[in-house]
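Shown next, in structure tokens, is the structure this report addresses.
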Amino acid sequence: MKHFRQRFSPFLLLSFFIFQPLISKSQQNLFNIPSGDITEKNKYFYQHQLNVYASSFESKSHGVFGLGSGWDAGLNLVGKSIYFGNYLDFKHNDSPKRGALYPWLMGTLQKQFHVNKKFDLNAGIQAGYNLTDQFNAKAFSHFLYGLGVWHFKKGSRLVGGIYHSTPRFIGPGNTIGIMAGYELKLSKRFYLMGDWVSGRNDASVAVIGAMYNASKRVQLCAGWQIPNPGAPKPMALVLELNLLGWNLY
């Protein structure tokens, strides 16, 4: 694992601003799992998430472009860890012996199959390389998933499905599991929201929280991360920003 201590890092700048211009229709993730939304053709979407731990935070960026016919594609920058102290302390892991590698730059591709007015099926992949300056430490990994999305009333949904990944991306433990989530509309501006990923790997957590439509094009989300028994992640405050390209109401 490389350990950098400095006041400024290009990775930090990249993680906060690489997708900043991207906006689109509605949120593409709940907290940690796909929401089942597809970005409309020629529209853009941007989502930024911070997981705040006792002595550090983790940054995740997600940008998507709509391709039409139920397809969208984009880029993710995942797992940039910044530690607090007299100086900001930027870390990345190049060794599988120390758990999941990070950070990752991954392309995304998703396809939705519209079954009826209340039910959709989604299939997607995230795939790419870890960011490291050592060629021998570079690794390719993926995260494959299939989802069913039930829209049981306007603005509310239940999401459930399966995933497959590699220890390089999600750390030691199970590589196949299930995931589930919900979004419950309380009013025009307020939603309850949460998700869960099964297993004992680095991604195996639940997040319970809420979403607030701050304006017609900005959503603010917050939740509390609870790791599964035996999973290595600690508890955390999860903060999320969604920038949208059309009016929600």
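Here residue 91 clears all of (1) closer than 25 Å to residue 204 by Cα; (2) charged (D, E, K, R); (3) loosely packed, with under 14 Cβ neighbours inside 10 Å; (4) in contact with a strand residue (DSSP E or B) (Cβ under 8 Å, 6 or more places away or on another chain) except the condition numbered (3).
Suppose we keep only residues that are of a type in the set (A, V, I, L, M) and without any contact (Cβ under 8 Å) to a residue 24 or more places away in the chain within region 106-139. Which one would you say is farthest from residue 63 (Cα to Cα)? Among them, the one singled out is 115. When region 212-235 is filtered for residues that are touching an Asp or Glu at 6+ places or on another chain (Cβ under 8 Å) and among the hydrophobic types (A, V, I, L, M, F, W, C), the ones remaining, listed by number, are 220, 221, 222, 231.
Residues in region 148-175 that are at pLDDT below 95 and assigned to a strand (DSSP E or B): 152, 153. Among the residues making up region 201-232, those that are among the hydroxyl-bearing types (Ser, Thr, Tyr) and either within 17 Å of residue 185 (Cα to Cα) or assigned to a strand (DSSP E or B) (or both) are 212, 215. A residue that is touching a residue at least 40 places away in the same chain (Cβ under 8 Å) and in a loop (DSSP other than H, G, I, E, B) cannot be found anywhere in region 176-186. Across region 107-123, a minimum of one residue is classified as surrounded by 12 or more Cβ atoms within 10 Å (Cβ to Cβ), of a type in the set (Asp, Glu) and in a strand (DSSP E or B). Here are some residues: 180, 231, 206. Which one is more than 26 Å from residue 117 (Cβ to Cβ), of a type in the set (Gly, Ala, Ser), touching a Phe, Trp or Tyr at 6+ places or on another chain (Cβ under 9 Å) and modelled with pLDDT of 95 or more? Result of the check over 180, 231, 206: 206.
Only one of the listed residues (136, 122, 116) is under 25 Å from residue 75 (Cβ atoms) and out of contact with any strand residue (DSSP E or B) (no Cβ under 9 Å at 6 or more places or on another chain). That residue is 136.
Scanning region 233-247 for residues that are surrounded by fewer than 16 Cβ atoms within 10 Å (Cβ to Cβ) and either of a type in the set (Phe, Trp, Tyr) or part of a loop (DSSP other than H, G, I, E, B) (or both) yields 234, 235, 246, 247.
Of all residues in region 130-147, which are more than 18 Å from the chain's Cα centre (by Cα), of a type outside the set (Asp, Glu) and not in a strand (DSSP E or B)? Correct list: 132, 134, 135, 136, 137, 138, 139. Restricting region 38-54 to residues that are outside any strand (DSSP E or B) and of a type outside the set (A, V, I, L, M) leaves a set whose member that is farthest from residue 124 (Cα to Cα) is 53. Could you check, for region 76-88, whether at least one of its residues is modelled with pLDDT of 90 or more, of a type in the set (S, T, N, Q) and either touching a Lys or Arg at 6+ places or on another chain (Cβ under 7 Å) or closer than 26 Å to residue 209 by Cβ (or both)? The answer is yes; a qualifying residue exists.
The values are calculated or read from the model by the stated rules, or taken from the named source; none is laboratory data. All values reported here derive from a predicted model rather than from experimental measurement. Note that each Cβ is placed from the backbone with ideal geometry, even for glycine, and that neighbours are counted across all protein chains shown.
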